[in-house]
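Here the structure comes first, spelled out in structure tokens, and everything after it is commentary.
Since every read-out is calculated from the coordinates, none of them should be taken as a lab result. Keep in mind it's a predicted model, so treat the numbers as computed, not measured. No Cβ is skipped: glycine too gets one built from the backbone with ideal geometry, and neighbour counts run over all protein chains shown.
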Amino acid sequence: MIRHHPDDALLLALAAGSLGAGHRFLVEVHLEGCSHCQQRMQTVNSLGGVLLDELAPAELSAAALERTLAAIDALDHAGTGPEPDTNQASAKPWLPTTWPRAMAHCEVGRWHWMGPGMYWNRVTLPDEPDANVFMLRIGPGRMLPRHTHSDSELTQVLYGAFDDGRAEFAAGDFDETDGSILHQPVVGSTGECICLASVEGKVMFEGWLARIMGTVIGM
């Protein structure tokens, strides 16, 4: 049961094409596995079509067709959902070995050690290689340093769960944080947690060692 979803503003921004590449990617990943948000997105697109019909004609930019085709392709991916791993006896859609379809054309780097029981890797988007997207793999009972954000961070839980004091976020859940939130994600004792994240701006860690770690990772 997915309990945490992108808010309406993010879905409207996705439909309007105004999200940055990293944030757009995170919302599209969530849409793959969330039938509730797929329905919401259809409603948003329908409302957008009505509003467009009421607008006066205007000249389109040279890249308008390319952006429209890319948005249609993203919705096609969102409707199919991730394939289960049929090689697993108890296949689940968010196993660490089965990544979302939206990652199919991404370059996913190797895992790097960032602390005891904690690893990260870089996810490079084909259309925007400078987007700050990465995965975190945190072991059971481990926690990230307390931090806030200079701008915004989107997180999609791929596997496992964490609790940052506001709520528990489990596989399939989506979270958005900004400078108004100071938190410390803690992974439960039952298993590791793997998250996909997109950061705009900087993650602002407490403590000099954590700040150095964030600089090395590019957070």
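Just a few scattered comments:
- Of all residues in the stretch 197-218, those being touching a residue at least 60 places away in the same chain (Cβ under 8 Å) and either assigned to a loop (DSSP other than H, G, I, E, B) or in contact with a helix residue (DSSP H, G or I) (Cβ under 6 Å, 6 or more places away or on another chain) (or both) number 5.
- When residues of the stretch 164-179 are limited to those that are surrounded by fewer than 17 Cβ atoms within 10 Å (Cβ to Cβ) and in contact with a strand residue (DSSP E or B) (Cβ under 8 Å, 6 or more places away or on another chain), the one farthest from residue 1 (Cα to Cα): 179
- Matching option when the condition is closer than 19 Å to residue 29 by Cβ, surrounded by fewer than 19 Cβ atoms within 10 Å (Cβ to Cβ) and not hydroxyl-bearing (Ser, Thr, Tyr), among 146, 122: 122
- Qualifying residue in the stretch 96-108 (condition: touching a strand residue (DSSP E or B) at 6+ places or on another chain (Cβ under 8 Å) and of a type in the set (Lys, Arg)): no
- Cβ-Cβ contacts under 8 Å between residues 6 or more apart (or on different chains), taken from a first residue in the stretch 122-140 that is closer than 17 Å to residue 104 by Cβ to a second residue that is aromatic (Phe, Trp, Tyr), are listed as 122/134; 123/134; 125/25; 131/25; 133/25; 135/120.
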